[in-house]
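Notes to accompany the following structure.
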């Protein structure tokens, strides 16, 4: 990985941040007809943002997957699928090459930087732009994703997580409601709106704000990710 997600967790002071920039759609795409599974695929990333003390690992979720179609089993199945797919995604040659290329371009765009802001941006752009390219390819995918999330009871998802996690959270349900209300993934299709989202992320994690000129690299970044999307998703289910 090109950056440590502890950066988001440790520096964010807002218990319900509005920025959760990861590849949610790519994880959920095969499960849009099973809303609680789709929600489960978002749980690991939601937790890294909203409650950094809470972890759900495969060994905790796997025993609950065979639960006769209950929401608990569905959420557990989504979590297990996310963890499995994330490992394949981040260990792929395509991810390594793209995140490195976008890190270099981000470094050139933001100027000298003694921290790891460029590598953070390189990683972030691969994930966000993967969801963007999947949406641009079939816009109804993202609408179907949010419609699926609208069908779940946020407290049921939170209760399922609390059955699996070593410690409980009372923050997840609030984040889920805000996430599906704000529908921020639509903003990733527009360069100007995406720049604003990225800049808010930078401010949230105490990095310097992005220059307005950063928007100029986004069209090429989109094309790079679009060309490699099949490589990024190799051996990862993507029906939908």
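The values are calculated or read from the model by the stated rules, or taken from the named source; none is laboratory data. In this text, all values refer to a predicted model and were calculated from it rather than measured experimentally. Counting neighbours? That spans all protein chains shown, and the Cβs are built from the backbone with ideal geometry, glycine included.
Only a single criterion out of (1) modelled with pLDDT of 90 or more; (2) assigned to a helix (DSSP H, G or I) is not satisfied by residue 170, namely (2). Can you spot a residue in the stretch 78-92 that is more than 20 Å from residue 229 (Cβ to Cβ), in contact (Cβ under 8 Å) with a residue 60 or more places away in the chain and out of contact with any strand residue (DSSP E or B) (no Cβ under 9 Å at 6 or more places or on another chain)? Yes, the stretch 78-92 contains at least one residue that is more than 20 Å from residue 229 (Cβ to Cβ), in contact (Cβ under 8 Å) with a residue 60 or more places away in the chain and out of contact with any strand residue (DSSP E or B) (no Cβ under 9 Å at 6 or more places or on another chain). Would you confirm whether any residue within the stretch 138-145 is surrounded by 15 or more Cβ atoms within 10 Å (Cβ to Cβ), over 20 Å from residue 37 (Cα atoms) and touching a helix residue (DSSP H, G or I) at 6+ places or on another chain (Cβ under 8 Å)? No, every residue in the stretch 138-145 fails to be surrounded by 15 or more Cβ atoms within 10 Å (Cβ to Cβ), over 20 Å from residue 37 (Cα atoms) and touching a helix residue (DSSP H, G or I) at 6+ places or on another chain (Cβ under 8 Å). The one condition from (1) under 17 Å from the mean Cα position of the chain (by Cα); (2) more than 30 Å from residue 213 (Cβ to Cβ) that residue 45 does not meet is (2).
Filtering the stretch 1-26 to residues that are under 23 Å from residue 164 (Cβ atoms), at pLDDT below 55, touching a helix residue (DSSP H, G or I) at 6+ places or on another chain (Cβ under 8 Å) and in a helix (DSSP H, G or I) leaves 8, 9. The set of residues in the stretch 224-233 that are in a helix (DSSP H, G or I) and surrounded by 12 or more Cβ atoms within 10 Å (Cβ to Cβ) comprises 224, 225, 226, 227, 228, 229, 231, 232.
Among the residues making up the stretch 202-228, a single one is free of Cβ contacts under 8 Å to residues at least 40 places away in the same chain and closer than 13 Å to residue 118 by Cα: 209. Would you mind stating whether residue 236 is under 23 Å from residue 44 (Cα atoms) and surrounded by fewer than 19 Cβ atoms within 10 Å (Cβ to Cβ)? When the stated conditions are applied, residue 236 passes them. Within the stretch 149-172, not a single residue is surrounded by 14 or more Cβ atoms within 10 Å (Cβ to Cβ), touching a residue at least 24 places away in the same chain (Cβ under 8 Å) and under 30 Å from residue 103 (Cα atoms). Comparison of 72, 100 shows that the only residue that is over 15 Å from the mean Cα position of the chain (by Cα) and crowded, with 17+ Cβ neighbours inside 10 Å is 72. Please determine whether any residue of the stretch 154-162 is within 18 Å of residue 58 (Cα to Cα), touching a helix residue (DSSP H, G or I) at 6+ places or on another chain (Cβ under 7 Å) and at pLDDT below 95. So far as the stretch 154-162 goes, no, none of its residues is within 18 Å of residue 58 (Cα to Cα), touching a helix residue (DSSP H, G or I) at 6+ places or on another chain (Cβ under 7 Å) and at pLDDT below 95. If you take the residues in the stretch 195-223 that are in contact with a helix residue (DSSP H, G or I) (Cβ under 6 Å, 6 or more places away or on another chain) and part of a helix (DSSP H, G or I), which one is nearest to residue 136 (Cα to Cα)? By that ranking, first place goes to 222. Within the stretch 27-59, count every residue that is touching a helix residue (DSSP H, G or I) at 6+ places or on another chain (Cβ under 8 Å) and part of a loop (DSSP other than H, G, I, E, B). Number of matching residues: 9.
Do we find that residue 26 is without any contact (Cβ under 8 Å) to a residue 12 or more places away in the chain and either buried (at least 17 other Cβ atoms within 10 Å of the Cβ) or closer than 17 Å to residue 176 by Cα (or both) in this structure? In short, no.
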